[in-house]
1. Provide a single number: the residues in the range 193-227 that are outside any loop (DSSP other than H, G, I, E, B), open to solvent by 100 Å² or more (accessible area, probe 1.4 Å) and modelled with pLDDT under 85.
2. Which ones in the range 109-133 are of a type in the set (A, V, I, L, M) and open to solvent by less than 50 Å² (accessible area, probe 1.4 Å)?
3. Can you pull out every residue in the range 228-268 that is at pLDDT below 50, part of a helix (DSSP H, G or I) and not acidic (Asp, Glu)?
4. So in the range 76-97, with the set limited to residues that are free of Cβ contacts under 8 Å to residues at least 60 places away in the same chain and open to solvent by less than 30 Å² (accessible area, probe 1.4 Å), which one is nearest to SER65 (Cα to Cα)?
5. Determine, yes or no, whether ARG57 is in contact (Cβ under 8 Å) with a residue 12 or more places away in the chain and surrounded by fewer than 19 Cβ atoms within 10 Å (Cβ to Cβ).
6. So for the range 136-143 (the condition being open to solvent by 80 Å² or more (accessible area, probe 1.4 Å), aliphatic (A, V, I, L, M) and at pLDDT below 95), does at least one residue qualify?
7. I'd like to check something: does the range 176-191 contain any residue that is more than 30 Å from VAL26 (Cβ to Cβ) and touching a Leu at 6+ places or on another chain (Cβ under 8 Å)?
8. Any residue at all in the range 117-125 that's closer than 16 Å to ALA49 by Cα, part of a loop (DSSP other than H, G, I, E, B) and at pLDDT 95 or above?
Amino acid sequence: MLWVLFLLVAWCSAVAGCARLCLAAVAAAQPMDAGPEPEGQALTLYEAAFLAGGPRRVADLALVSMSRERRLLLAHTGWVTVVDPDGRDDVERAAIAAIGPLGQSPVPPVRTALADADPVRALADRLVAAGLAVPAGARANVAAAVRQVRLACVVVLLTGVVALLMVPPASGPGPALAWFALPLLLTTGCLVIARVEVHPYSPWASPTGQRLLGRIDVPPRRPVAQRAGGGADEEHDDGELLTALAVHGTVALPDPALRAALRAHWGH
């Protein structure tokens, strides 16, 4: 019956991981229900970008917005060049500062620096204070708890294999398999529930922020032929494109060169 010791290890690991995940989820939800949702509240593009994709999404939005207005040049090779050094808001000014005094830089370090810039941090603090964003500590706790449950699942599998090797042939593996199946079911069930609950939504937005994001109407992309003409139509299309970028990320960009510029890596 030495395999029972491995069963205890499996159960302790599974219960500890699942309990931590439940507690982290409850703690993350508590500060978000502090007050009622304001009537008629609407999100700015920067706010929508942060709630949907975090600081990196805000950086992408600022760079693409400036690029569409010909104030930055985003090359498909992964370099960004300043055309107009005067930013129109704090985030744009932080983007220009991140590019550096030479006016040209690879995109990846610019995105990283801009995502960590003071204006983006201030935006995050405002959204957290308004109950629209999940605090950084809560996101970290939930992520760590999910990793612990995954590790517990691996522990259950490994201890189960070792225990089966120790089961006397006379008793057969049936009872051991049944006992190890329970903690395995517990851990995998928690992971599935976490996946179903979290995956369709942004980990950055609180339930109230999720509702506000859901109110944003992102029209389907129109063919290029229907967008020809410029003027007010072009400005309208730019607004639709930036809204789609804020909500859905770079996958919503129709220009493959622009997507390549934002997805560039060091050495490219």
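1. To start, the set of residues in the range 193-227 that are outside any loop (DSSP other than H, G, I, E, B) comprises 193-198, 205, 207-214, 224-227.
Going one step further and asking which of them are open to solvent by 100 Å² or more (accessible area, probe 1.4 Å), we end up with 193, 195, 197, 211, 224, 226.
Those left that are additionally modelled with pLDDT under 85: 193, 195, 197, 224, 226.
Matching residues across the range 193-227 total 5.
2. Listed by number, the residues that qualify are VAL110, ALA113, LEU114, ALA115, ALA117, VAL120, ALA122, LEU123, ALA124, LEU127, LEU132, ALA133.
3. Those that are at pLDDT below 50, part of a helix (DSSP H, G or I) and not acidic (Asp, Glu): GLY231, ALA232, HIS236.
4. Here the residue is GLU92.
5. In short, no.
6. For the range 136-143, residues open to solvent by 80 Å² or more (accessible area, probe 1.4 Å), aliphatic (A, V, I, L, M) and at pLDDT below 95: absent.
7. First, pick out the residues of the range 176-191 that are more than 30 Å from VAL26 (Cβ to Cβ): 176-178.
Filter once more, keeping what is touching a Leu at 6+ places or on another chain (Cβ under 8 Å): 176-177.
Within the range 176-191, one or more residues are more than 30 Å from VAL26 (Cβ to Cβ) and touching a Leu at 6+ places or on another chain (Cβ under 8 Å).
8. Yes.
The values are calculated or read from the model by the stated rules, or taken from the named source; none is laboratory data. Just so you know, these numbers come straight off a predicted model, no measurement behind them. Glycine gets a Cβ as well: all are built from the backbone with ideal geometry, and neighbour counts include every protein chain shown. Side chains included, ligands, DNA and RNA excluded: accessible areas come from the protein's heavy atoms. Shrake-Rupley method; radii C 1.70, N 1.55, O 1.52, S 1.80 Å.
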